[in-house]
Amino acid sequence: MKALIGSLAVLLLSPALAADAGLSPAQQEMVDAERAFVKLAEARGFRDSFYTYFADDGIAFNPHPFRVRAALANQPPSPGPMGAVWAPVYGDIAEAGDFGWNTGPLVFEGRNGQPDRHGMFFSVWKRQADGKFKVVLDVGSDTPSAVVPLDAPVQSSHRPAANSRANVDVAAEISALTAIERAFLATAQSESLGRAYGSRLADDARVHRPGAMPVVGRVALNEWANTQSAKYRGEPLGADVSRSGDLGYTYGNYAKEGDSPEAGYFARVWKRDPKGDWRIVMDTISPLPAGVKPLTAQLQRAEELYFAGSWAEAEAAYQKHVDSNPANAFAWNRLGSSQIVLKKYPEAIRNLERSIELSGGIPADFYNLACAYALSGAPDKALDNIELAISKGLKNRNQYESDPDLASLRGLPRFKALMQPLS
């Protein structure tokens, strides 16, 4: 893996590769931005690179969609390189040069004697008010093996669009594309997912699914669509369209119906074909762990308030959601976490405990509950929940020793004993 990282650094810096064959100036600019993103991740790690290259409204999934810059704003710099490299190999750009996408190989360095892990990254880029390209959507998926080498030449699917227009009514175009997405999802629910894809996949589409090699080529796409017999329901959560009206993306939630339920988020790029019809050219998903429900549009609005630090508004939004969705453990957790910041400790404790009752508890549930108990003056209960958070896998010693919410516990012998075996 170290050799791979080194070879990619040479690729990024080599003057001979300053321009890729067949790319328009705008697409070259976007590809160069992707490569600079990789270089910064190698030099300064996850936090600084993602904070630098994401747009203010750019989202990623972990496991739910979140605004990356808002989540990283108050985080300390990463301690070292990210331990992953990626390279743009496939992609497209809108005629207006304001909007495009990249995908390509992603390699995670194997540690402690483990082999490297392979995948495919996918990112949508949009030109910002300052003229620079920034990431607005990012989804990755693992693959059984390498799909293409990191130094593979860029292959653009861009073709001059006969039906592109200058400075379209973007809001109207977004509304129209969202309506098409809703129609796609309606077909997936009433007939099957395969029937929905069969009518919308472009001939040169790419379909990425976790744990599988990408599906490409008309024959393979047809064969894949024919296997998608299950019914799915879903809801679009966001969309955008280029100023030329020829390229756009949507993302949203999905849930498989039937005997083997699953849920998560989808993201797709749409492109107008020569007839002016929208076709899917890139499609991927970010599945959720078993039993976890995806965010609805209402809950996503609460998330935006949460990551913006609008705590009172976030509390009201989560409260509204749990009033009508009392079985949503995630919303109860967020409600309680918002109330910690608002110093409503009894309410926070009650709502965090409700989240654990519903879900069985993940490390963050117990950690947040420990913070609420510590701040409310109940050290024994706080330490009980720290112990549970550690047993569930949250073993970052620096997190416990630097969080001001836990300051009242640090001089206690039991706290010191719990920290001792952590790295």
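Per residue, what volume in Å³ does the Cα convex hull of segment 2-156 take up?
Looking at segment 2-156, the number lands at 119 Å³ per residue.
Which of the lysines could a cross-linker bridge to LYS293, judged by Cα under 26 Å and excluding same-chain residues fewer than eight apart?
LYS231, LYS256, LYS320, LYS392, LYS395
Suppose every Lys and Arg Cβ carries +1 and every Asp and Glu Cβ carries -1, with no other charges. What dipole size does segment 2-156 come out with about its Cα centre, to the nearest 20 debye?
Rounded to the nearest 20 debye, it is 460 debye.
How much length is gained on full extension from LEU342 to ASN167, taking 0.36 nm per residue of separation minus their Cα-Cα distance?
58.6 nm
Note the direction-averaged projected area, equal to a quarter of the hull surface, for the Cα convex hull of segment 170-287, in nm².
Orientation-averaged projected area of the Cα hull: 6.9 nm².
Of the candidates PRO404, PRO210, PRO379, which one comes out as most mobile in a Gaussian network treatment of the chain with C-alpha springs shorter than 10 Å?
So, out of PRO404, PRO210, PRO379, the one fluctuating most is PRO404.
To the nearest 20 Debye, how big is the dipole of segment 170-287 about its Cα centre, given +1 on the beta carbon of each Lys and Arg and -1 on that of each Asp and Glu?
120 debye
Mind giving me the FRET efficiency for ALA417 and ALA73? R0 is 51 Å, r the Cβ-Cβ distance, nearest 0.05 is fine.
Approximately 0.90, to the nearest 0.05.
Taking 0.36 nm per residue of separation and subtracting the Cα-Cα distance, what length does fully extending LYS275 through GLN155 add?
Difference between extended and current length: 40.8 nm.
Please report, in whole Å, how far the alpha carbons of segment 200-267 spread along each principal axis, starting with the longest.
Largest to smallest, the principal-axis extents are 43, 30, 20 Å.
Which percentage, to the nearest 5, of the DSSP beta bridges contained in the chain is antiparallel?
Counting DSSP beta bridges with both partners in the chain, the antiparallel share is about 90 percent.
Who wins for biggest fluctuation among LEU247, LEU394, LEU369 in a Gaussian network model of the chain, springs between alpha carbons below 10 Å?
LEU394
Provide the gained length on full extension for the span ALA129 to THR227, in nm with one decimal, where the gain is 0.36 nm per separating residue minus the Cα-Cα distance.
Residue separation times 0.36 nm, minus the Cα-Cα distance, leaves 30.9 nm.
What spacing in nm lies between the two simple spin-label points modelled at ILE174 and SER24, each 7 Å away from Cα in the Cβ direction?
Once both label points are built, they end up 2.2 nm from each other.
Let me know the whole percent of all Cα-Cα pairs from the chain that are separated by more than 33 Å.
Cα-Cα pairs of the chain separated by over 33 Å account for 39 percent.
Computed over the Cα atoms of segment 238-335, what is the convex hull's projected area averaged over all directions, in nm²?
8.5 nm²
What residue among ASP204, ASP130, ASP92 has the largest mean-square fluctuation in a Gaussian network model of the chain, using Cα springs under 10 Å?
ASP130
Which value, in debye to the nearest 20, gives the size of the charge dipole of the chain about its Cα centre, when Lys and Arg are +1 and Asp and Glu are -1 at the Cβ?
400 debye
Can you tell me which of 70-76, 182-188 comes out highest on packing, and rank the rest after it, using the mean Cβ neighbours within 10 Å?
Per-residue mean Cβ counts within 10 Å order the peptides as 182-188, 70-76.
What is the P(r) of segment 268-319, as percent of Cα-Cα pairs per 10 Å bin from 0?
Result, from short to long distances: 21, 25, 27, 20, 6 percent.
What do you get when you divide the Cα radius of gyration of segment 258-410 by 2.2 N^0.38 Å, with N the number of residues?
1.27
Only the coordinates and a few stated rules stand behind these numbers; no lab work does. Just so it is clear, the model here is predicted, and its values are computed rather than measured. Note: ideal-geometry Cβ built from the backbone for every residue, glycine included; neighbour counts use all protein chains shown.
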